[in-house]
Every structure is written in C-alpha cells, then in structure tokens.
1. Roughly how tilted is helix 3-14, in degrees to the nearest 10 and between 0 and 90, from the longest Cα axis of the chain?
2. Evaluate the charge dipole of the chain about its Cα centre and quote only its size in Debye, nearest 20, assuming +1 on the Cβ of each Lys and Arg and -1 on the Cβ of each Asp and Glu.
3. Which net charge results for the neighbourhood of R21, defined as the other residues with beta-carbon distances under 15 angstrom from its beta-carbon, given Lys and Arg at +1 and Asp and Glu at -1?
4. Checking the a/c ratio against 1.5 first, then a/b against b/c, what shape does the Cα gyration tensor give for the stretch 34-127?
5. Count of lysine pairs in the stretch 33-210 with Cα atoms under 17 Å apart, counting only pairs 8 or more residues apart in sequence or on different chains?
6. Tell me what the chain gives for mean residue ellipticity at 222 nm when only DSSP H runs of n ≥ 4 count, each as -39,500 (n - 2.57), the sum divided by the residue total, rounded to 500 deg cm²/dmol.
7. All other residues with a Cβ under 14 Å from the Cβ of N9 taken together, and with Lys, Arg as +1 and Asp, Glu as -1, what is their net charge?
8. Taking the Cβ of H32 as the center, what net charge do the other residues with Cβ under 14 Å away carry, scoring Lys and Arg +1 and Asp and Glu -1?
Amino acid sequence: MKAINKLINGFSRFRDEYYCREDSPFVELQNHQEPSTMVIACSDSRTDPSLILQCEPGEIFVVRNIANIVPPYEPDSMHHGVSSALEYAVKSLKVKNIIILGHSGCGGIKALMDNKLAPEDEFITRWLSILGSVRDKVIARFALDGKKASVEACAACEMEGIVHSMDNLMTFTWVAEQVEKGDLEIFGWYFDLKDGRILDYHEDSEAFEPLRPFCLS
Ligand SMILES: [Zn+2]
C-alpha cells in the first residue's frame, strides 16, 4: 500500500472509531482548548509526545523541531516559530508545565557532534548552532577533537541540549516571571529508545534520573 493511502485509511478509522464516538473528547473541544502542558519535542518520527505520554486531544500543546531546541529570547525582525508558540502557551493558554522532551539517537545532535551536515543544507546548521556551546563542551570532555562522536558523547550532548533549552526558556522574561511566581514549572525529560525509559533532569544534582510513576492512590 502507498504510504499516503495508509494515512488516509488511518484518518478514516480515527473519524469512525474515535471522533464520532459518543464520549469523544472532541465533543468538549470543538471551540476551545485548555492544555495544562506545553511539550517541546524533536521532529523525530519515533518520539511522538502524545503517544509516549498517552495524552488525549486537548491535553498538551506541542512544538516539534530538529533536536527539540528552545532558542534564546531574540526580539528581532526574524521569524520565530518556537518563540511565538511559547508566547501563546504562556501568555494566552497559561500552561502550568513546559516539558523539553529530548531523546536518544537524535539525528540532529549526531550531525551537530560530527559537524557533518548535507552540503545542500540551508537552515539546519544555523538552527543547530543554538547548541554550539554545548557541543564544544562535550567534544572537549570526551576529547573528541576530529574523531567521530561515540554514542555516549552524543547522549551527553542530547541531555545537555535539554538543559541548555531549559536555560534558554528562562531568557523569556514572561516565562521567568511565571516560574518565579510558582505558576509554571519547567521539566527536562530524555526518552531513551533503547529501554523505553524517561530520564528526568534534577536541578539540585544536575543529573538525569529515571522518571518514577506517580502513585494515584
Ligand atoms: Zn531528535
């Protein structure tokens, strides 16, 4: 079957079995959304936040880009897709949480680490350069100068990239204000495709530790 036909059939099933059912979330969501959480994830086809976090429509407001990067606050005349989504999430939707969701085996981070981008690349190098200082730190720590980056070095860059994006979030004054007031929390999560775990960044220990399921009882 052609890939596009599989997607068309998928939509048809979604409409019949999900959208049209009596208790469909879309009954409530036709005219408004009130997501509690913004997720900034990688565009990677394996890291769909709604699937990984088992969310229903209306629960998470999502931005996806190469390597799940938040750029720093730059109020210039350029076009800022991530910053505008962030502005809407924080100022209008008033989300309570922002999760930076990184992952293992990230192609963007691998390209950044190996300094190996396609010659026809017009946008990716500049986008990934937001993590240039992170890359340089990891290259120095693993003594990689000129050598191909190992899986471990890439994982370090993937995780430190998450922390860098968390820091960049705080350069937006209206994000920092909400965090300081206690109305907004920022999380750095790392999805490991090898074992299906999520590691959670802890600011006090400056380390990623396994995310523990929250006990509902
Ligand atoms: Zn990725």
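1. 40
2. On the way: 22 positive and 34 negative charges, 153 e Å.
Dipole size: approximately 740 debye.
3. Neighbour charge sum, excluding R21 itself: -4.
4. Working: a/c = 2.80, a/b = 1.37, b/c = 2.05.
Judged from the Cα gyration tensor, the stretch 34-127 comes out oblate (a/c at least 1.5, b/c at or above a/b).
5. Lysine pairs satisfying the spacing and distance rule in the stretch 33-210 number 11.
6. Calculated at 222 nm, the ellipticity per residue is -10000 deg cm²/dmol.
7. Working: positive: K2, K6, R13, R15; negative: D16, E17.
The answer is +2.
8. Net charge around H32: -2.
The values are calculated or read from the model by the stated rules, or taken from the named source; none is laboratory data. For clarity, every value in this text was computed on a predicted model and none was experimentally measured. Cβ coordinates were reconstructed from backbone atoms using ideal geometry, including for glycine residues, and neighbour counts include every protein chain displayed. Areas reflect the complete protein model, heavy atoms only, side chains present, ligands, DNA and RNA absent. Shrake-Rupley method; radii C 1.70, N 1.55, O 1.52, S 1.80 Å.
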